Each structure stands twice: as C-alpha cells, then as structure tokens.
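Enquirer: Pasting a structure below so you can have a look.
The values are calculated or read from the model by the stated rules, or taken from the named source; none is laboratory data. Predicted model, so just to flag it, every value in this text is computed and none were measured. Counting neighbours? That spans all protein chains shown, and the Cβs are built from the backbone with ideal geometry, glycine included.
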Amino acid sequence: MDWALKRRIIAVFAVILVITVFVIIPYVLTHQEVASCTDKKQNQSEEGIDCGGPCALVCKNSAQDLRMLWTKIFPVRAGVYDIVAYIENPNFFAAATKLEYVAQLFDDAGNVIAEKKGESYALPSERFAIFVDNVNTGAKVAAKGSITVTPGFAWTKASSTKKLFSIGGKTLESPDKKPRLSAVLANETVDVYRNVDVLAIVYDKTQQPIAVSRTIIEKSAGGSTEPIFFTWPGPLNYTAESGKCETPIDAILAVDRSGSMRSDGANPPQPLTEALNAAGEFVEHLTKNDQAGYVSFATAASNPIDQSLTNQFSRIAQVIRNTTIHTDGTQYTNIGEALRRSIDEFATQRHNPDARPVIVFLTDGAPTYPKDPSGKNKKFPEEYGLAVATEAKQNNITIYTIGLGSDANGDYLSKLASAPENYYPAASGAELSDIYAQIGTAMCKKAPSVIEIIPRVNWMIPQ
C-alpha cells in the first residue's frame, strides 16, 4: 500500500471518529430512553409498572386495604352532626399521603340528607380517625352516617410510624354536666411541628365511643409540653357503674346547727330535723369497708367532733339525729372551723390510709364567723372558709357542699366544693334525702372506661 492510500484511509477514519464523537454519541445520549419510575414500563427490577423495587410507589397488590373499625355520628345541636370514622392502616412500611373521602348522613329510610368531602392521610401501621365536623342537615334528623375513602389512592414506601408525641395528665371533669377534658401533650422529638391535629375519643364501659372532640396545636417545638383541652356542650351519655365503690370511703358529714336552721319551725326545729334525718340515712347506706364521722357547727364547730371516724353506722346516725341548736347566745355560721375539724380528723390514725377522704358539708347560709381580729375585714369569715377548703383540696380531700334554702350562697359554696358540680342546691329540707343519695352515687360513680387522645401530624410532608 503506497503512502497516498494510507493517508486517505487515515483521513476517513478521522472523519468517522469526529462524526461519532460529536454527532452520533450526543444523539444517542440525548435520545436514549432512560429507565425511570415514571416511564410507564416495568423495568429496572420494578415489581410492577413504576412501582416496587427502586420506586417509591408501592404496588397495589403489595399493600393491604385500610380497615374501617367503626363509624359513628354525634349530634352537636339540632340539624348539626359530627361524623367520625376510626381507621387502621395495616401496612407497616406503606403510607397514603393523600386520601380523599366522602362523608354522608342518612335518614331512617336510607336517603342521603347531607354530604361533605375532604382529604386526609394514613401513616404506616397507625390507627387514626377521620373527623368531619358540623355537617348540616337543616331540619332533617340523621339516623346514621358513613365516611367512604375514595379508592385508587397511591401507597408510598415509608418507615414505620415515628413516635412524635406522648400524652399525660388526662383529667375529665364534670362528665354529667359540662364535660371538660384536660391533658398534656409532649413533643418527644427535637423537631418543630405545626398544626398538630389532636382528637379525643371517650368510650363507655362496653368500649363504645360516646363522645369526640378536637383541638389544633398551632406549633409544637421539640422537647416542649403543651396543655390541651376538650369540651362538650352537654353531659356525656354513658351508663355509669355505681353502687359499691372500688375504693373505700372515709366520709365526714358537717351539718349547720346555727339559729337559722329552725326558721321553718321550732318544734321540731326545721329544716334542721329534715337535714339530720337525711344525713343519717346517708350514713346508713355506706358499706362495711367505709367509715364515717360527724361534726356539727354554728359559732364554733364541735370540739372534739360529735363522732370520730368509725364503721358503727347506726351509732353515727343516732348521734346525727340527736343534734340540737345551742341556746347560749346568737348562733353564727363558722364554715371554716367545721372544715378545720374535719381535716384534723383525717389526720388521725382512725383514718384508713387506703380510703378516699370526703367531706359532705351542709349549710343554709353564708359564713358569718370568725370575725377579723383587726375588725377591718368584713369578708374575713368567707376568706377563712375558702383558705381551709383550699388546704383540704391540697390534701386530696374531696368536698361536696349542699346549700339549703334561698339564703344559701351558691356561688360561695361552689368555690368551697372540689368542683362546681360538687355543689348541690336544695330549695327545702324535703329535697335533702334525694341530694344525699345523689352524692352517694357521685362518690362511687365510675368515669367513662377509656379516654383516647390521638395527636397527628403528617411527618411525610416537610413542616
């Protein structure tokens, strides 16, 4: 081969190389179809089309369906309802970041009378609730409701549910009047979460949901604690377990024997006689594990008290019924000293340390004694009584108060009581037997069986 031919061959190869490097390779690179999780093909070890394997989406046949555990409607007011569905995601490593749903209310005939749509989410292996509030039916009455999750949503790979929050200090007050549930939410992480959705569900002794309420925490900083509160407009509708108390009771009855307790009649003195008979009946209905004591009061409380703590109930009842109004001068009302004598009795060895201490306090008026030693503070009797009541509460003594007649200061007696619902007004002595019976039930009545508080935030979406 002569040199001229060699040069031509080299030139041809050089041209081919240039075309390959600068034309063919760029063209192939720019037009080559790269396997991805959005190419609508099953490739790169995917388990299905664009799912499984290296893809974030979970194939539908690899994820279990959501489980609807229960659905219930809760009347809010006439024509307005809340609907709640309690749901379980059985998938440990799959989440649904967007769940669309339809909430519906039906009448007795099964007709849809209201409808509301919304969105939620399901984190891995969690039980959660979809809460749809204030669904309006107008003048129609709802018989049942449903929440239906729209099918076809996407499952996404995710780690198991993180523990973001803990709940402590759950306290339910006034379940029979205006219920109020308080608790403390603690952020167990170092992260800040916003718009934490917190739902409270109250169950009765048969594990049926009887009340639901919701609150939103706008911001929860890492390591912080937040008080949370839930309220309901009316009593919780549950069947109470009452009768025998699980915890024994040590009860001290305090009864006013001031001069006004014979204003309805002097022989026998009324309303004192009716009050004493009702208190005696109350004692006689206690159980053998309980104890009772008794203190009467006017200008001063009996010292020592009329009857120290004992389980000899017939003897206590007789002591109570033998109470008389003293005739040695004007008889004032010394509420503070009656409470003081009761507290002192609980401090003796007669008090059963395993028993719950209770004071049941009856008066027909406002405190008028003791007087301020300086003679300047006219509210001293009231303030003294409140101070002693506060001391009792700090020592975990439960106080029930009964205001007898129109002269009883209901506002003051509500403050003396351990909670506002522990105050019982009685228009006359004829109502006292029933009121003492109500207090006996209240002392032993069990609260709803379970209170579940569910804090949720979608941690799969950056905060």
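For every residue, the table says whether it meets (1) in contact with a strand residue (DSSP E or B) (Cβ under 8 Å, 6 or more places away or on another chain); (2) outside the structural domain of Tyr436 (by TED's automatic domain parsing); (3) at pLDDT 95 or above; (4) over 20 Å from Ala442 (Cα atoms).
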position	(1), (2), (3), (4)
Ala366	no, no, no, yes
Pro370	no, no, no, yes
Gly375	no, no, no, yes
Lys379	no, no, no, yes
Ala387	no, no, yes, yes
Lys393	yes, no, no, no
Asn396	yes, no, no, no
Thr401	yes, no, yes, no
Gly405	yes, no, no, yes
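Enquirer: Within the group Ile335, Ile228, which residue is surrounded by 13 or more Cβ atoms within 10 Å (Cβ to Cβ), among the aliphatic types (A, V, I, L, M), touching a residue at least 40 places away in the same chain (Cβ under 8 Å) and in the same structural domain as Gln208 (by TED's automatic domain parsing)? I'd like the intermediate steps shown before the answer.
Expert: On the way: Ile335 fails: in the same structural domain as Gln208 (by TED's automatic domain parsing).
When all the criteria are applied, what remains is Ile228.
Enquirer: Moving on. Scan the stretch 388-401 and give yes if some residue there is small (Gly, Ala, Ser) and surrounded by fewer than 19 Cβ atoms within 10 Å (Cβ to Cβ), otherwise no.
Expert: Looking for residues that are small (Gly, Ala, Ser) and surrounded by fewer than 19 Cβ atoms within 10 Å (Cβ to Cβ), one finds none in the stretch 388-401, hence no.
Enquirer: Let me ask something additional. Consider Ser166 carefully, then state whether it is polar (S, T, N, Q), free of Cβ contacts under 8 Å to residues at least 24 places away in the same chain and at negative phi.
Expert: So Ser166 fits the description; yes.
Enquirer: Within the stretch 402-434, restricting attention to residues that are within 16 Å of Ser258 (Cα to Cα) and in contact with a Gly (Cβ under 9 Å, 6 or more places away or on another chain), which residue is surrounded by the fewest Cβ atoms within 10 Å (Cβ to Cβ)? Don't jump to the end; show me each part of the working.
Expert: Pass one, the stretch 402-434, residues within 16 Å of Ser258 (Cα to Cα): 402-409, 429.
Still in the running and in contact with a Gly (Cβ under 9 Å, 6 or more places away or on another chain): 403-405, 407-409, 429.
Values: Gly403: 26, Leu404: 27, Gly405: 18, Asp407: 12, Ala408: 21, Asn409: 16, Gly429: 22.
The extreme case among them is Asp407.
Enquirer: Here is a follow-up. Of Ser414, Ser418, which residue is modelled with pLDDT of 85 or more, within 24 Å of Asn334 (Cα to Cα) and part of a loop (DSSP other than H, G, I, E, B)?
Expert: Ser418
Enquirer: Let me ask something additional. If I filter the stretch 33-54 for residues that are assigned to a loop (DSSP other than H, G, I, E, B) and in the same structural domain as Pro124 (by TED's automatic domain parsing), do I get at least one hit?
Expert: Checking the stretch 33-54: not a single residue is assigned to a loop (DSSP other than H, G, I, E, B) and in the same structural domain as Pro124 (by TED's automatic domain parsing).
Enquirer: Residues that are over 23 Å from Phe346 (Cα atoms): list the strands (runs of 3 or more DSSP E) wholly contained in the stretch 215-329 that include at least 3 such residues.
Expert: 225-231
Enquirer: Any chance the stretch 338-347 includes a residue that's assigned to a loop (DSSP other than H, G, I, E, B), in contact (Cβ under 8 Å) with a residue 24 or more places away in the chain and touching a Ser or Thr at 6+ places or on another chain (Cβ under 7 Å)?
Expert: no
Enquirer: While we're looking at this one, here's another question. Of the conditions (1) without any contact (Cβ under 8 Å) to a residue 40 or more places away in the chain; (2) over 19 Å from Ile201 (Cα atoms); (3) under 29 Å from the mean Cα position of the chain (by Cα), Ser120 satisfies every one except a single condition; which number is it?
Expert: The single condition Ser120 does not satisfy is (2).
Enquirer: Report whether or not Asp411 is in contact with a helix residue (DSSP H, G or I) (Cβ under 9 Å, 6 or more places away or on another chain) and among the acidic types (Asp, Glu).
Expert: Details: in contact with a helix residue (DSSP H, G or I) (Cβ under 9 Å, 6 or more places away or on another chain): no; among the acidic types (Asp, Glu): yes.
No; evaluated as a whole, the condition is false for this residue.
Enquirer: I've got another one for you. Quick check on Arg456: is it within 30 Å of Tyr86 (Cβ to Cβ) and either basic (Lys, Arg) or without any contact (Cβ under 8 Å) to a residue 40 or more places away in the chain (or both)?
Expert: Yes, satisfied.
Enquirer: Next up: In the stretch 92-139, how many are in contact with an Asp or Glu (Cβ under 6 Å, 6 or more places away or on another chain) and within 19 Å of Ser213 (Cβ to Cβ)?
Expert: Residues meeting the conditions: 2.
Enquirer: From Ile461, Ile435, which residue is modelled with pLDDT under 95, in a helix (DSSP H, G or I) and of a type outside the set (S, T, N, Q)?
Expert: That would be Ile435, the only listed residue that is modelled with pLDDT under 95, in a helix (DSSP H, G or I) and of a type outside the set (S, T, N, Q).
Enquirer: I need a count of the residues in the stretch 254-284 that are surrounded by 24 or more Cβ atoms within 10 Å (Cβ to Cβ) and in contact with an Asp or Glu (Cβ under 7 Å, 6 or more places away or on another chain).
Expert: 3
Enquirer: Does Asn89 satisfy the condition of being in contact with a Gly (Cβ under 7 Å, 6 or more places away or on another chain) and within 26 Å of Thr215 (Cβ to Cβ)? Walk me through it before giving the result.
Expert: Values: in contact with a Gly (Cβ under 7 Å, 6 or more places away or on another chain): no; within 26 Å of Thr215 (Cβ to Cβ): yes.
No, not satisfied.
Enquirer: For the stretch 396-445, enumerate the residues that are of a type in the set (Lys, Arg) and either free of Cβ contacts under 8 Å to residues at least 12 places away in the same chain or under 24 Å from Ala347 (Cα atoms) (or both).
Expert: If the condition is that a residue be of a type in the set (Lys, Arg) and either free of Cβ contacts under 8 Å to residues at least 12 places away in the same chain or under 24 Å from Ala347 (Cα atoms) (or both), then Lys415 is the only one that fits.
Enquirer: Still on this model: For the stretch 340-371, give me each residue that is acidic (Asp, Glu) and surrounded by fewer than 21 Cβ atoms within 10 Å (Cβ to Cβ).
Expert: Once the filter is applied, which keeps residues that are acidic (Asp, Glu) and surrounded by fewer than 21 Cβ atoms within 10 Å (Cβ to Cβ), the stretch 340-371 yields Asp344, Asp354.
Enquirer: Is it the case that some residue within the stretch 372-383 is among the small types (Gly, Ala, Ser) and either surrounded by fewer than 18 Cβ atoms within 10 Å (Cβ to Cβ) or without any contact (Cβ under 8 Å) to a residue 12 or more places away in the chain (or both)?
Expert: Looking through the stretch 372-383, at least one residue is among the small types (Gly, Ala, Ser) and either surrounded by fewer than 18 Cβ atoms within 10 Å (Cβ to Cβ) or without any contact (Cβ under 8 Å) to a residue 12 or more places away in the chain (or both).
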